[in-house]
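Please read the structure below before turning to the comments.
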Amino acid sequence: MIELQDIHKRYGKPNSAPEQVVTALDGISLSVKAGEVFGIIGHSGAGKSTLLRVLNLLERPDSGSLRVAGQDLLSLNDAQLRSARQRIGMIFQHFNLLGSRTVAENVAWPLRIANWPTEQIAPRVNELLARVGLADQGHKYPAQLSGGQKQRVGIARALATGPELLLCDEATSALDPQTTRAILDLLAQLNRELGLAIVLITHEMDVVRRICDRVAVLEAGKVVEIGAVAEVFLHPQHVVTRRFVQEAEKIDENDLNEDYAHVPGRLLRLTFQGERTYEPLLGEVARRSGIDFGILHGRIDRIKSTPYGQLTIAVTGGDLAGAQALLAERGVRVEVLR
Ligand code: ADP
């Protein structure tokens, strides 16, 4: 669906002094598959918005190549680009609705621009409003809606011309946690039912964990880590990624290390995924290998729909190597921390 190669983007006038030039994107290469939900996470100023806007050429890169839905966007003329953009929907943090138009008129807007026959517009708008849970709300004005409802209108408008790709610019950052969840559930449902590829930018790992298949971590215009969400979330490598995960989990690695300094024995981190997460494995392993263990830290949750668990345990006595082998045999990933 998307193939980016070595994308560079700098801001600044052609003759500006070097210190006035900002490198927003510094050699980005990544690909997004059809039907995939792809997250881009990074701190403020990392280059997320610039990258998202490059994907529909709202922002033209200085160099690099860009293929979206089989087309080389950089080689298109204006008319071809307008038509290509009908296959790329976009939603925004602050919804960007027209306040003087009704909900139905907002959703109809891209259809009018695409010159849809008038008699087809109203049925299409009704179908879209029903799909986002706003049937019978078409007559209202944006000011009469809650934040979550406004974003639903934004989504219906973005889907109007039947895009294959939806770009989400911090789409839930202005919403409370419960509404965020409902909007993310709706996006996941659209991804499943329409096979719609979604690229979202966010500064919250929780958003990534809830709906993304893969994620790229952006820092100072570069991709510092990229991979399947389960791998990146459970085994973050880069310091920036680790901080995002710790923020989401509300843990502080330094505090934990300080606490563990006084605990005797070997420290292991065990990662369970899938149905294994709920099996009574540790007791069995302890009995068979004769180890004793104390649980120092643990988390059990879901990544998209897959349950996972991660435990840090202190192990004393018994056959440690035997215990490790038994755990590995049962599909548990074991890391020796100390
Ligand atoms: P993010 O979305 O991760 O916060 P942005 O893509 O908005 O990051 O910005 C990346 C960098 O580019 C920042 O240093 C920002 O100040 C700069 N930047 C973004 N847009 C412009 C612009 N139109 N003119 C000048 N600098 C910009």
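The values are calculated or read from the model by the stated rules, or taken from the named source; none is laboratory data. This is a predicted model, so every value here is computed, not measured. FYI the Cβ positions are ideal-geometry reconstructions off the backbone, even for glycines, and counts take in every protein chain you see.
Being more than 21 Å from L30 (Cα to Cα) and either of a type in the set (D, E, K, R) or within 12 Å of the ligand (Cβ to nearest atom) (or both) is the filter here, so list the residues in the range 168-222 that pass it.
Correct list: S173, D176, R181, D185, R192, E193, D206, R210.
Give me the pairs, please: first residue somewhere in the range 111-123 and touching a residue at least 40 places away in the same chain (Cβ under 8 Å), second residue anywhere and in a helix (DSSP H, G or I) and not polar (S, T, N, Q), beta-carbon distance under 8 Å, and either six or more positions apart or on two chains.
Qualifying pairs under 8 Å: L111/I121; L111/R124; L111/V125.
When only residues in the range 23-44 that are within 10 Å of the ligand (Cβ to nearest atom) and part of a loop (DSSP other than H, G, I, E, B) count, which is surrounded by the fewest Cβ atoms within 10 Å (Cβ to Cβ)?
Ranking the qualifying residues of the range 23-44, first place goes to S44.
Here is a check on your reading of the model: is S83 over 23 Å from L194 (Cα atoms) and surrounded by fewer than 15 Cβ atoms within 10 Å (Cβ to Cβ)?
Against the criterion (over 23 Å from L194 (Cα atoms) and surrounded by fewer than 15 Cβ atoms within 10 Å (Cβ to Cβ)), S83 does not qualify.
Among the residues of the range 47-65 satisfying the criterion of being hydroxyl-bearing (S, T, Y) and more than 12 Å from the ligand (Cβ to nearest atom), which is farthest from K13 (Cα to Cα)?
Across the range 47-65, the extreme among qualifying residues is S65.
Please go through the range 291-305 and give me each residue that is surrounded by fewer than 19 Cβ atoms within 10 Å (Cβ to Cβ), farther than 17 Å from L281 by Cβ and either without any contact (Cβ under 8 Å) to a residue 24 or more places away in the chain or under 18 Å from the mean Cα position of the chain (by Cα) (or both), ordered by number.
Matches in the range 291-305: D301, R302, K304, S305.
Can you pull out the residues in the range 125-152 that are within 27 Å of S83 (Cβ to Cβ) and in contact with a Phe, Trp or Tyr (Cβ under 7 Å, 6 or more places away or on another chain)?
Q151
Do we have any residue at all in the range 106-118 that's assigned to a helix (DSSP H, G or I) and modelled with pLDDT under 95?
For the range 106-118, residues assigned to a helix (DSSP H, G or I) and modelled with pLDDT under 95: present.
Among residues belonging to the range 136-161 that are without any contact (Cβ under 8 Å) to a residue 40 or more places away in the chain and part of a loop (DSSP other than H, G, I, E, B), point out the one that is nearest to I88 (Cα to Cα).
Ranking the qualifying residues of the range 136-161, first place goes to G138.
Considering only the range 223-240, state which residues are within 15 Å of the ligand (Cβ to nearest atom) and assigned to a helix (DSSP H, G or I).
V240, the sole residue that qualifies.
State which residue is nearest to the ligand (Cβ to nearest atom) when the search covers only the range 11-22 and only residues that are over 23 Å from F92 (Cα atoms) and either in contact with a helix residue (DSSP H, G or I) (Cβ under 8 Å, 6 or more places away or on another chain) or not aliphatic (A, V, I, L, M) (or both).
G12
Report whether or not E249 is farther than 29 Å from A158 by Cα, loosely packed, with under 15 Cβ neighbours inside 10 Å and modelled with pLDDT under 95.
Answer is no for this residue.
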